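*Asks:* Starting off with a structure, shown below.
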Amino acid sequence: MWPFVDIAIASVSVAVALWLRPWRMLRGPLLTPALASLVLLPWLWLLPQKMPAGLQVQLSGASLLVLMLGWPLAVLVLLLVALVVWWVGQAGAWLALSQWVWLGLVPAALALLIGALVKRLLPPNPFVYTLGRGFLGTAVAVFVSGLLMEGLRLMAGEPVQEPVLVARWLMAWGDAFLTGMLCAVFVAFVPQWLATWSDERYLKKPPASGG
């Protein structure tokens, strides 16, 4: 059951991303964050293999990629990250696929959905963007992705222990802190690295009240 679910999610995500041809965005300032992600993100995904036994720190980074690159380009970058993790690490191909799907693709899709809801329901200002999409949106996306993964494991007959859910909750907030902090820094200093940011939308002055 597991490999088929992972393959289905991965295939649909890559097919949609390729259809949208997001590599055209690399002609501008997004090339720098895309290359930086390929250098840094694999090491976050390799942390469980490099840390002492029993200390399993696992961060995603997918929500930050969506904020920086947009969902279609983030999907392709996450594919390259997963290939690097498979090549450099000691895990097999199936574990690398599972990481790609549940650390990358599913949180990225949830971050895209949360971002659309934030844009539709909340006022456009920098505080809403950094807190709603960068911090709280990341926490929700990463934790819900973990819940879905554990739910599928339960359906497959594997036991799910309560400490695992607590660990996923704590790791989700770790991801949220990292993403929210970097999002705020990028908004302040290099907003051109955020494909989802718009000065016209988030810094537009409110209309003057009639007198």
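The values are calculated or read from the model by the stated rules, or taken from the named source; none is laboratory data. Owing to the predicted nature of the structure, the values given are computational and were not obtained by experimental measurement. Because the Cβ atoms are built from the backbone with ideal geometry, glycine has one as well, and the counts that use them run over all protein chains shown. Accessible surface is based on the protein model in full, side chains and every heavy atom, while ligands, DNA and RNA are left aside. Shrake-Rupley method; radii C 1.70, N 1.55, O 1.52, S 1.80 Å.
*Asks:* Among Ala15, Ala109, Ala172, which one shows the biggest mean-square fluctuation in a GNM of the chain, springs joining Cα atoms closer than 10 Å?
*Replies:* Ala15
*Asks:* Expressed as a whole percentage, what fraction of the accessible surface of region 17-134 belongs to carbon and sulfur atoms when a 1.4 Å probe is rolled over the protein heavy atoms?
*Replies:* 75
*Asks:* If you look at just the Cα atoms of region 100-167, how large are its Rg and its Dmax in Å?
*Replies:* That works out to 14.2, 46 Å for Rg and Dmax.
*Asks:* While we're on this one: In 10 Å bins starting at 0, how do the alpha-carbon pair distances of region 141-184 split up by percent?
*Replies:* 28, 44, 20, 7, 0
*Asks:* So what J values fall out for region 94-100 if you push phi through Karplus, 6.51 cos²θ - 1.76 cosθ + 1.60 with θ = phi - 60°, rounded to Hz, Gly and Pro as x?
*Replies:* 5, 5, 5, 5, 5, 4, 4
*Asks:* Hydropathy at least 0.0 by Kyte-Doolittle, axial extent at least 30 angstrom from the Cα trace: which helices of the chain, defined as entire DSSP H runs, fit?
*Replies:* 162-189
*Asks:* Just the number please: accessible area per residue for the chain, 1.4 Å probe, all protein chains included, in Å².
*Replies:* 55
*Asks:* Please provide three numbers in whole Å: the alpha-carbon extents of region 4-53 along the principal axes, with the largest listed first.
*Replies:* Projected onto its principal axes, the Cα set of region 4-53 covers 42, 34, 6 Å.
*Asks:* For labels at Leu152 and Lys204 in the simple 7 Å Cα→Cβ model, what's the distance in nm?
*Replies:* 3.9
*Asks:* Once every DSSP H run of n ≥ 4 in the chain is given -39500 (n - 2.57) and the sum is divided by its residues, what mean residue ellipticity at 222 nm do you get, rounded to the nearest 500 deg cm²/dmol?
*Replies:* After summing the helix terms and dividing by residue count, I get -21000 deg cm²/dmol.
*Asks:* In angstroms, what radius of gyration and Dmax does region 1-92 have, counting Cα atoms only?
*Replies:* Final numbers for Rg and Dmax: 14.3, 43 Å.
*Asks:* Distance from a point 7 Å along Cα→Cβ of Phe4 to each backbone N in region 139-170: keep the residues under 19 Å and list them by number.
*Replies:* 149-158
*Asks:* Next question, about the same structure. Taking the convex hull of the Cα atoms, report for the chain its projected area averaged over all directions, in nm².
*Replies:* Convex hull of Cα atoms, orientation-averaged projection: 13.5 nm².
*Asks:* What is the set of long-range amide H partners of Trp197 at a cut-off below 5 Å, with H atoms built 1.01 Å from backbone N?
*Replies:* none
*Asks:* Let me ask another. Assuming a viscosity of 1.002 mPa s and a temperature of 20 °C, what translational diffusion coefficient in µm² per second does Stokes-Einstein assign to region 79-124, Rh being the Kirkwood radius over Cα pairs?
*Replies:* After rounding, the answer is 178 µm²/s.
*Asks:* Something else about it: Could you work out which residue, out of Ala116, Ala34, Ala74, moves most in a Gaussian network model of the chain, that is, has the largest mean-square fluctuation with Cα springs under 10 Å?
*Replies:* In the Gaussian network model the winner is Ala116.
*Asks:* Applying 1/(1 + (r/R0)^6) with R0 = 25 Å to the Cβ-Cβ distance of Trp19 and Leu40, what FRET efficiency is obtained, to the nearest 0.05?
*Replies:* Calculated value: 0.35.
*Asks:* When the Kirkwood radius is taken over all Cα pairs of region 53-106, what Stokes-Einstein diffusion coefficient follows at 25 °C and 0.890 mPa s, in µm²/s?
*Replies:* 212
*Asks:* OK, next. So what's region 116-209 giving for Cα Rg divided by 2.2 N^0.38 Å, two decimals?
*Replies:* Output field value: 1.39.
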